[in-house]
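Quick notes on the structure that follows.
None of the figures in this text is laboratory data; all of them are computed from the coordinates on show. Note that the structure is predicted; figures quoted are calculated from it, not measured. In this analysis, Cβ positions are derived from the backbone assuming ideal geometry, glycine residues included, and neighbour counts consider all displayed protein chains.
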Amino acid sequence: MAEVHHHHVHNQDPEAGAEQRKAIWKTFWILLIITSLEFVIAFTVPHGVLKVSIFIVMTIVKAFYIVGEFMHLKHETKTLIWSILVPVIFVAWLILALLLEGNAIFEAIFG
Amino acid sequence: MAAHVTTPGAVEPKMWLGGIEPMKASYGKLMMWFFLISDTFTFSALLVAYGTARFSFPAFSGNHEDFTFSNMYWPVPERVYESVPFLHGVSLPLVFVGIMTFILIASSVTMVLAVEAGHRMDRANVEKYMLWTILGGFTFLGCQAWEWSHFIHGTDAGSVMKVMENGAWIEKTIFGANLTENQYGPPAFADFFFFITGFHGTHVFSGVILNILIFFRAATGFYDKRGSYEMVEKVGLYWHFVDLVWVFVFTFFYLV
């Protein structure tokens, strides 16, 4: 087993994975910049549909980078990508359906 | 064992017992993905319930500057979360939760750097980045403990609210929040705060425990002997998921 270990140490190339590390830091800066922009928008854009829409789009962009790059899903097989994405699409529908339901409850009580 | 010695780090551990590798992912990694999907459902259920409750309550309609706490409408989040440790009485909306978000994103970066070091069988760097990730996790938990404590104890003045007690409406000053009383808005708002951030915090906590286990096993040479650092990757998936959930909690609970 000690031999196995040595084998690897000698094979280690300091440049190995350099490109991957570059991609990781790039993703970090993208996430940081989007989060900072969210703060700017939180205090400059008036509250309304536009603001909420911007926040939702930014959140999805952040989720795309975290799942795609950090969790490596972008580089997996297509079957795996769809196995994860399809259930999430149904969840998005559930969210929409129950927001409408919440609005109907509001109308029934206060409308 | 012989096969391992001659071809260290080769793909054998990835093969499933049927001799193939479905979706080109190892058994453990695929099961982690399926677990995360089920966990997505749980968190979605909480956020969906939050959205439904919020849409069924009146929203505050006036100017944000004129906002005061009342249980008659849903509060404006930036006026609820505006405290920062050591800066008592200073209004700094969303600053502290912004710091928490940054800490969690940073710890996700160190985690993925540990995974990358694991691919190269670089034990020293796996140890280094796992320690940073663990530190980030503990810092986040510490921040959350402070935030909860502040939320529970409330502001100096509290809020005067009309509440139903023993069958009669009375005026009462409420300090902070628990599951039945809430100085910031309707009690449901505090309930969702405790359940959603609490459930997320529990995930962070178990993530830190798993990270410590991975650090320990890496540091004692377990993965070198096994010839694969894939465990770092699997726990990394969980840790990124926790970060991902926070991104959604941050938007839907604190920003919108």
message = Cut-off under 19 Å on the C-alpha distance; same-chain residues fewer than 8 positions from A:Lys78 excluded. Which aspartates and glutamates are left, in chain and number order?
response = A:Glu69, B:Glu21
message = Taking 0.36 nm per residue of sequence separation and subtracting the Cα-Cα distance, how much length would be gained by fully extending the chain between A:Ile54 and A:Val86, in nm to one decimal?
response = 9.2 nm
task = List B:Asp66, B:Asp122, B:Asp39 from most exposed to least, where exposure is judged by having the fewest other Cβ atoms within 10 Å.
result = B:Asp66, B:Asp39, B:Asp122
remark   = Phi-derived 3J(HN,Hα) across region A:88-94 with the Karplus relation (6.51, -1.76, 1.60, θ = phi - 60°), rounded Hz, x for Gly and Pro, is 5, 4, 5, 4, 4, 5, 4
request  = Rounded to whole Å and sorted largest first, list the principal axis extents of the Cα atoms in chain B.
outcome  = 79, 39, 32
Cα Rg, Dmax (largest Cα-Cα span) when computed across chain A, Å = 21.9, 76
query = Is there a pair in A:Lys74/B:Lys24; A:Lys74/B:Lys234; A:Lys62/B:Lys234; A:Lys22/B:Lys234; A:Lys26/A:Lys51 whose C-alpha atoms are over 24 Å apart, and which pairs would that be?
reply = A:Lys26/A:Lys51
inquiry  = Using square roots of five times the C-alpha gyration tensor eigenvalues, list the equivalent-ellipsoid semi-axes of the protein assembly as shown in whole Å, biggest first.
reply    = 45, 22, 18
message = Taking each residue in B:53-60, count the Cβ atoms of any other chain within 10 Å of its Cβ, then average. What number comes out?
response = 5
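Sort B:Met72, B:Met130 so the one with the fewest other Cβ atoms within 10 Å of its own Cβ comes first. Mind dumping the intermediate values first?
On the way: B:Met72 11, B:Met130 29.
With the sparsest Cβ surroundings first, the list reads B:Met72, B:Met130.
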note = Excluding residues fewer than 8 positions from B:Lys162 in its own chain, the lysines with Cα under 28 Å of it are B:Lys172
ask   = What average count of beta carbons from other chains do you get within 10 Å of the Cβ of residues in A:69-79?
value = 5
ask   = Okay, which of region A:70-109 sit inside 17 Å, backbone N to the point 7 Å along the Cα-Cβ direction of B:Phe41?
value = A:83-95
query = Mind checking the angle between helix B:230-249 and chain B's longest principal axis? C-alpha axes, 0 to 90 degrees, to the nearest 10.
reply = 20
